[in-house]
Amino acid sequence: MYKLGYGLYVLTAKTAEGKDNGCIINTAIQVTTTPNRISICVNKANYTHDIIHETGEFNISILSEKADFSIFTHFGFRTGREVDKFADFKDAVRSNNGLFVVTKGVNAFISAKVVQEVDLGTHTMFIADVTDGGVLNQDPSATYSYYQEHIKPKPQKTEVKGWRCKICGYIYEGEVLPEDFVCPVCKHGAVDFEKIEG
Ligand code: FE
């Protein structure tokens, strides 16, 4: 599955009460050109999922090769249910629909309105009409492979014995990783850990 190619996006939405949130997704694709429609798949555990389900509106900010790791830790590894991700975030502006677009490490944005939802169990697929968009610069879009190779910090040489999360780099110290272990940072399971060879 790691050979499948993806892009990377900051998905943003805003509640009816005006609370903004965003998360990282790799699941945006264009599904039809006429009408111009995209689909995204969002984990139901994400706060942004619930906001889009309620409001039917979202933006995606397309991450470029200039994106640094901090944007992934800021939007990716924690939940908007507990923190306001935009309270201390300066690199964003509002597009015509009133939702945030991230402006740093991003080369373009797309605004969309949901026309259909498909319940996929853990995730919902939102199919949406493109209502607006814009190009911010000509930096190449970041692929998931580019992120793995150039953006995600390289594992440090370490004396620590244990297991490393292949998704976010979290290290579990101990010989045996419990089968039901869940990464406290990115919430992936034991299957996504690799043993650190000394
Ligand atoms: Fe992790």
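No lab work stands behind these numbers, since they all come straight from the coordinates. Quantities reported herein were computed from a predicted structural model and do not represent experimental measurements. Every residue, glycine among them, receives a Cβ derived from its backbone with ideal geometry; neighbour counts consider all protein chains shown.
Right, residue 59: under 13 Å from the mean Cα position of the chain (by Cα) and over 21 Å from residue 133 (Cα atoms) or not?
Against the criterion (under 13 Å from the mean Cα position of the chain (by Cα) and over 21 Å from residue 133 (Cα atoms)), residue 59 does not qualify.
Output the qualifying pairs, or none if there are none: Cβ atoms under 8 angstrom, residues six or more apart or on different chains, first residue in segment 175-192 and free of Cβ contacts under 8 Å to residues at least 12 places away in the same chain, second residue surrounded by 15 or more Cβ atoms within 10 Å (Cβ to Cβ).
179/190; 180/190; 182/188; 182/190; 189/181; 189/183
Of all residues in segment 129-154, which are assigned to a loop (DSSP other than H, G, I, E, B) and surrounded by 12 or more Cβ atoms within 10 Å (Cβ to Cβ)? If you could, list the steps in order and put the result at the bottom.
So in segment 129-154, the residues assigned to a loop (DSSP other than H, G, I, E, B) come out as 136-140, 142, 152-154.
The answer is 136, 139, 142, 152.
Residue-by-condition table, conditions (1) within 13 Å of the ligand (Cβ to nearest atom); (2) of a type in the set (Gly, Ala, Ser):
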residue	(1), (2)
100	no, no
112	no, yes
128	no, yes
151	no, no
154	no, no
168	yes, no
174	no, yes
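For residue 121, state whether it is free of Cβ contacts under 8 Å to residues at least 24 places away in the same chain and either part of a loop (DSSP other than H, G, I, E, B) or at positive phi (or both).
yes
Which ones in segment 176-185 are within 7 Å of the ligand (Cβ to nearest atom) and either outside any loop (DSSP other than H, G, I, E, B) or buried (at least 18 other Cβ atoms within 10 Å of the Cβ) (or both)?
Once the filter is applied, which keeps residues that are within 7 Å of the ligand (Cβ to nearest atom) and either outside any loop (DSSP other than H, G, I, E, B) or buried (at least 18 other Cβ atoms within 10 Å of the Cβ) (or both), segment 176-185 yields only 183.
How about segment 156-166: which of its residues are within 10 Å of the ligand (Cβ to nearest atom) and free of Cβ contacts under 8 Å to residues at least 12 places away in the same chain?
Once the filter is applied, which keeps residues that are within 10 Å of the ligand (Cβ to nearest atom) and free of Cβ contacts under 8 Å to residues at least 12 places away in the same chain, segment 156-166 yields nothing.
What's the number of the condition residue 109 fails, among (1) more than 30 Å from residue 149 (Cβ to Cβ); (2) surrounded by 17 or more Cβ atoms within 10 Å (Cβ to Cβ); (3) in contact with a Gly (Cβ under 9 Å, 6 or more places away or on another chain)?
All conditions pass for residue 109, except number (1).
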